[in-house]
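Peer 1: Below is one structure. I have some questions about it.
The values are calculated or read from the model by the stated rules, or taken from the named source; none is laboratory data. This structure is a prediction, so every number in the text was calculated from the model and none was measured. All Cβ positions, even for glycine, are placed from backbone atoms using ideal geometry, and neighbour counts span all protein chains on display. Note: accessible area is taken over every heavy atom of the protein model, side chains too, but ligands, DNA and RNA are not part of it. Shrake-Rupley method; radii C 1.70, N 1.55, O 1.52, S 1.80 Å.
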Amino acid sequence: MRAPLAESTVWLVIMGGMVATYLTRLSFILLIPTERVPQFLRRGLKYIPPAVLSAILLPELVIQDGMLDPTLSNHRLMAGIIAALVAWRLKNTWLTIASGMLALWLLM
């Protein structure tokens, strides 16, 4: 059983991280007027969310038991490819999630 102090500390850290992240993002909206941001920077900012998502997901898909496994026997990678194809063709978030989960479940 966990000590109450340790559990409350975890929640405090999570909430602090949330506030820090929110304030960081909000500062760009409040402190820098849109017209002062150069056009090339505005174009580049569009690519940050997919880049971050890729950086989070790719290691989960290609690393198995601490080793790189980009083979067809990697079930997570195959489910990810199926989900990516569904996302590309149908452009539906819920179907993408459902197809990836179903593919992983069937492959396992």
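Peer 1: Of the conditions (1) modelled with pLDDT under 90; (2) open to solvent by less than 70 Å² (accessible area, probe 1.4 Å); (3) closer than 22 Å to Ala103 by Cα; (4) over 20 Å from the mean Cα position of the chain (by Cα), Gln64 fails just one. Which one is it?
Peer 2: Unmet for Gln64, out of (1) modelled with pLDDT under 90; (2) open to solvent by less than 70 Å² (accessible area, probe 1.4 Å); (3) closer than 22 Å to Ala103 by Cα; (4) over 20 Å from the mean Cα position of the chain (by Cα): (4).
Residues checked against (1) small (Gly, Ala, Ser); (2) open to solvent by 80 Å² or more (accessible area, probe 1.4 Å); (3) in contact (Cβ under 8 Å) with a residue 40 or more places away in the chain:
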position	(1), (2), (3)
Ser8	yes, no, no
Val13	no, yes, no
Gly16	yes, no, no
Val19	no, yes, no
Leu26	no, no, no
Leu31	no, yes, no
Pro38	no, no, no
Leu45	no, yes, no
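Peer 1: Let me ask something else about it. Determine, yes or no, whether Leu72 is open to solvent by 80 Å² or more (accessible area, probe 1.4 Å) and farther than 19 Å from Leu107 by Cβ.
Peer 2: Against the criterion (open to solvent by 80 Å² or more (accessible area, probe 1.4 Å) and farther than 19 Å from Leu107 by Cβ), Leu72 does not qualify.
Peer 1: Taking Asp69 and the conditions (1) of a type in the set (D, E, K, R); (2) more than 20 Å from the chain's Cα centre (by Cα); (3) modelled with pLDDT under 90, which numbered condition does it fall short on, given that it satisfies the others?
Peer 2: Here Asp69 meets the rest and fails (3).
Peer 1: Could you tell me which residue of the stretch 80-90 is least open to solvent (accessible area, probe 1.4 Å), considering only residues that are within 16 Å of the chain's Cα centre (by Cα) and aliphatic (A, V, I, L, M)?
Peer 2: Ala83
Peer 1: Does Pro33 satisfy the criteria of being at pLDDT below 90 and not charged (D, E, K, R)?
Peer 2: So Pro33 fits the description; yes.
Peer 1: With the requirement that a residue be more than 18 Å from Asn74 (Cα to Cα) and either in contact with a Phe, Trp or Tyr (Cβ under 8 Å, 6 or more places away or on another chain) or surrounded by 14 or more Cβ atoms within 10 Å (Cβ to Cβ) (or both), what does the stretch 91-105 give you?
Peer 2: Leu95, Thr96
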